[in-house]
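All remarks here apply to the structure that follows.
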Amino acid sequence: MTSRAEAAFYESERPVEPLLSTQETARTLNVSLRTVLRLLDAGQLARVRIGRRVLVDPQSIRDYVERQREGP
């Protein structure tokens with residue numbers, strides 16, 4: 001039997017996307033690892049720390065790209 005919290009988790013509208021490593025984030029944005037680390041340090045990308053690993057939520061990447069768009 002599952003609890004209400006577990007049921008809500010499994011029925012949520014937005015499934016959890018896999019978090020990306022800093023290297024995967026760099027490849028996704030087509031920038032260097034150093035640039036990704038600068039963006040993380042500046043708070044431009046949100047980091048998720050799990051143990052010693054620094055990971056990035058793909059939604060944070062989409063939000064960053066949207067903020068960088070120019071023009072109408």
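The values are calculated or read from the model by the stated rules, or taken from the named source; none is laboratory data. Fair warning: this is a prediction, and the values are worked out from it, not measured in the lab. Heads up, the Cβs are rebuilt from the backbone with ideal geometry, glycines too, and the neighbour counts pull from every protein chain shown.
Observations on the model:
- Among residues of segment 18-30 that are in contact (Cβ under 8 Å) with a residue 12 or more places away in the chain, those with a Cβ under 7 angstrom from a residue that is in a loop (DSSP other than H, G, I, E, B) and surrounded by 14 or more Cβ atoms within 10 Å (Cβ to Cβ), sequence gap 6+ or separate chain, pair up as LEU19/ASP57.
- Only residues that are without any contact (Cβ under 8 Å) to a residue 12 or more places away in the chain and either in a strand (DSSP E or B) or surrounded by 15 or more Cβ atoms within 10 Å (Cβ to Cβ) (or both) were counted across segment 58-72, and they come to 0.
- Take the conditions (1) at pLDDT 95 or above; (2) exposed (fewer than 14 other Cβ atoms within 10 Å of the Cβ); (3) more than 10 Å from the chain's Cα centre (by Cα); ALA26 misses just one of them, which is (2).
- Total residues in segment 31-42, condition part of a helix (DSSP H, G or I) and polar (S, T, N, Q): 1
- When LEU45, LEU55 are checked against the criterion of being in a loop (DSSP other than H, G, I, E, B) and surrounded by 10 or more Cβ atoms within 10 Å (Cβ to Cβ), a single residue qualifies: LEU45.
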